[in-house]
Amino acid sequence: MRLVTFYDHRGDLRTGAIAGGRVIDLTQAILDLAPAAPSAERGLAVPPGGMLRLLYSGPDGLAVIRRLVEDAIAAGAPDRHPLLRDARLAAPVPRPGKIVAIGRNYADHAMETGVQPFERPRIIAKLPSSVVGPDAIVRRPDGVTKLDLEAELAVVIGQFASHVAPGQGLKVVAGYTILNDVSAREFQFDVSPAQTTFAKSMDGFCPMGPWLVTADEIADPQGLEIRSFLNGNPMQHGNTRDMLFPVDRIIEYVSQYMTLEPGDVIATGTPAGSGAFRDPPVWLKPGDRVRIDISHIGSLEHGIG
């Protein structure tokens, strides 16, 4: 399935699935789902609705929604739902609990930054308030001149996960989407100490979308082509098979130290070619358009203001 968060005509957020070029509204059906038991055991408040509630319902909730979509398709119901091209999409998970980013997870990117590949994943945080959806305009903050892009595969967690065993990481994945790890490089590279989380967490610095592709459609996330474009010109080209730490290993490692929760997002790193490491550097400026393509997922586009 391709799951979306979208705005209705009143500007309220709704949750749906794409079928036949249309968006099937599943908002009410999701409200009827029972949350997964671990949320109560951990004393966590269950999200009232939306994508987070769906993810909190676990694999059983996703199975219910999948059957509803299949029934709607069989009944010809998609014709009664709005066209995808007319829908205004938000980020599929508009406010994740946390965003765990993996630094320099591609050997070619590590080399262009002048460091040797790490022995363990390098963990960075992006704050959830930085998330925006497809076609957003990411405002360049006053005083920031070294604004850069990083095309990344984003992993959305679908179950509570702590101390995940080796080789079991993919079992807790709900699905995948596209993320641009926008960065203000002067706060990352030009100050001491480096302020990497701050550099990557300013308002709008996490465009994400356009939808969440459920894990059953991508059996192996380590074979996806990633490309980024700036104003139509190619910037990055890589493949997730070149990750130093694959998705299952990242989940295994992170979950030894922090519990991953439904709706959490892991940004898995970027291949070589972002603007900071070009000669001369290429910085994002107002009026620019960014597009990121990942095979089997689609395209994420947004502007710079």
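Worth pointing out:
- Any chance Ile178 is crowded, with 24+ Cβ neighbours inside 10 Å, out of contact with any Ser or Thr (no Cβ under 6 Å at 6 or more places or on another chain), of a type outside the set (Lys, Arg) and not in a loop (DSSP other than H, G, I, E, B): yes
- Considering Leu260, Leu284, Leu212, the condition of being in contact with a Gly (Cβ under 6 Å, 6 or more places away or on another chain) and surrounded by 20 or more Cβ atoms within 10 Å (Cβ to Cβ) is satisfied by Leu212 alone.
- In the range 13-46, of all residues being more than 25 Å from Asp71 (Cβ to Cβ) and either touching a helix residue (DSSP H, G or I) at 6+ places or on another chain (Cβ under 9 Å) or assigned by TED's automatic domain parsing to the domain that holds Ala161 (or both), the one that is modelled with the lowest pLDDT corresponds to Ser39.
- Single match in His109, His81 (criterion: at pLDDT below 95 and either out of contact with any strand residue (DSSP E or B) (no Cβ under 6 Å at 6 or more places or on another chain) or in the same structural domain as Gln236 (by TED's automatic domain parsing) (or both)): His109
Rundown of residues vs (1) outside any loop (DSSP other than H, G, I, E, B); (2) buried (at least 22 other Cβ atoms within 10 Å of the Cβ); (3) not basic (Lys, Arg), yes/no style:
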position: Ile123; (1), (2), (3): yes, no, yes
position: Thr145; (1), (2), (3): no, no, yes
position: Glu152; (1), (2), (3): yes, yes, yes
position: Val156; (1), (2), (3): yes, yes, yes
position: Val191; (1), (2), (3): no, no, yes
position: Thr197; (1), (2), (3): yes, no, yes
position: Asp203; (1), (2), (3): no, no, yes
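- Residues of the range 61-100 classified as assigned to a helix (DSSP H, G or I) and either free of Cβ contacts under 8 Å to residues at least 24 places away in the same chain or under 22 Å from the mean Cα position of the chain (by Cα) (or both), total: 13
- Test result for Asn239, more than 30 Å from Val46 (Cβ to Cβ), of a type in the set (S, T, N, Q) and within 18 Å of the chain's Cα centre (by Cα): yes
- Hey, Gly298 under 20 Å from Pro94 (Cα atoms), not charged (D, E, K, R) and not assigned by TED's automatic domain parsing to the domain that holds Met51 or not: yes
The values are calculated or read from the model by the stated rules, or taken from the named source; none is laboratory data. All of these numbers come straight from a predicted model, not from anything done at the bench. Cβ coordinates were reconstructed from backbone atoms using ideal geometry, including for glycine residues, and neighbour counts include every protein chain displayed.
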